[in-house]
Amino acid sequence: MIIEKKTEGSVIILHLSGRLDTNTAPEFEAAVDQVLSETTELIFDFADLAYISSAGLRIILKAHKEMIKKGTFKLQHVCDAVMDVLDVSGFADILTIE
């Protein structure tokens, strides 16, 4: 998995490429933890994310819980395979997805 951080004004965007699974989740969690204190607007860009496991869902939920206290959080460019996981898990009902 590749994580690219992009800053646009007050918005931080984390763009993920590859697979977010048990093996790559610690790297993603470290990147998320680093930016949570830096921003009030966080976007995860999943345009190039092909797969997500429950380990990735846990990190998304953690970020969502933190960001709703202080700002905005959303997912962008979610592919069909990842969207299916978000739908089945119920995450699609609680997250902002564009």
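Only beta bridges with both residues in the chain are counted; by DSSP, about 30 percent of them are antiparallel. Cα convex hull, the chain: 81 Å³ per residue, rounded to a whole number. Can you give me the % of accessible surface on the chain that is carbon or sulfur? Probe 1.4 Å, all protein chains present, nothing else counted. Exposed carbon and sulfur together represent 51 percent of the surface. Think of a 1.4 Å ball rolled over the protein heavy atoms: the stretch 31-98 then has 51 Å² of accessible area per residue. Adding -39500 (n - 2.57) for every DSSP H run of four residues or longer, then dividing by how many residues the chain holds, sets the calculated 222 nm ellipticity at -13000 deg cm²/dmol.
The modelled label-to-label distance for the pair Leu61/Met83, using points 7 Å beyond Cα in the direction of Cβ, is 2.3 nm.
The values are calculated or read from the model by the stated rules, or taken from the named source; none is laboratory data. Just so you know, these numbers come straight off a predicted model, no measurement behind them. Using ideal geometry, Cβ is built from the backbone for each residue, glycine included, and neighbour counts are taken over all protein chains shown. Just the protein is used for accessible areas: all its heavy atoms, side chains included, with ligands, DNA and RNA removed. Shrake-Rupley method; radii C 1.70, N 1.55, O 1.52, S 1.80 Å.
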